[in-house]
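Written out below as structure tokens is the structure these notes cover.
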Amino acid sequence: MGLIQGFLSLMFGSGRNVIRETAEVFTENAEAGAKRAASVQGQAMQQFGAEFEVPRAGLFDRFMDGLNRLPRPALALGTLGLFVTAMIDPLWFAARMQGIALVPEPLWWLLGVVVSFYFGARHQMKAQHFQREVATTMSRVPQVMENIGKLEQMRADSPGAADPGPDATLSVAVLNPEANPALDAWKARRLA
């Protein structure tokens, strides 16, 4: 009793749990991990909320906030407006399009770059990453099919899995099992 009590006090005495502390070296304590995750989430929300605590009373701040929200709706509504004006006053629309035809090509490239960076950079990056992943996966298909074929040939119930081939010595060895002293002793004890 004294030995067991001494061992238990060594393991769990003085408010410590040596087993738990040792296990936490190899695996995360779920409760402590959840507390850390909640703390991180709370700090992130406080940081995001702090951005909006500053009153935007100044005219410049309100103007910049409005300006930052303007390009997407302006481009969308402007494009729809072009379709409407083409239907309402085709001559006015054609005159404006003739002016656009005079814009030099490098300026179109610059406009394309600006619009692409503003709207499409993240979308393009994600699309290219997805296409690379699909291409990588598809390039592995022949190897995977070959591996599946090899695995199917290794199945015990596949025809010819235990075929010794043209080796006559191996064929005879397969038909005549080796002596197994441990198995013979087990059978003798079982029969006795």
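Things to note:
- Verdict on L70 being more than 30 Å from S116 (Cα to Cα) and either over 27 Å from the mean Cα position of the chain (by Cα) or touching a residue at least 12 places away in the same chain (Cβ under 8 Å) (or both): no
- Single condition K35 does not satisfy, out of (1) surrounded by 10 or more Cβ atoms within 10 Å (Cβ to Cβ); (2) within 27 Å of G120 (Cα to Cα): (2)
- Residue match in the range 119-141 (condition: modelled with pLDDT of 75 or more and over 22 Å from the mean Cα position of the chain (by Cα)): no
- All of E133, E105 fail the test of being farther than 23 Å from A74 by Cα, surrounded by 10 or more Cβ atoms within 10 Å (Cβ to Cβ) and of a type in the set (D, E), apart from E133.
- Looking only at the range 168-183, and only at residues there that are part of a helix (DSSP H, G or I) and surrounded by 10 or more Cβ atoms within 10 Å (Cβ to Cβ), the one that is modelled with the lowest pLDDT: V174
- Pairs linking a residue in the range 112-127 that is surrounded by 11 or more Cβ atoms within 10 Å (Cβ to Cβ) to a residue that is in a helix (DSSP H, G or I) and modelled with pLDDT of 70 or more, with Cβ atoms under 7 Å and 6 or more positions apart or on different chains, are Y118/P71.
The values are calculated or read from the model by the stated rules, or taken from the named source; none is laboratory data. Worth saying up front: this structure is predicted, and the values here are computed from it rather than measured. All Cβ positions, even for glycine, are placed from backbone atoms using ideal geometry, and neighbour counts span all protein chains on display.
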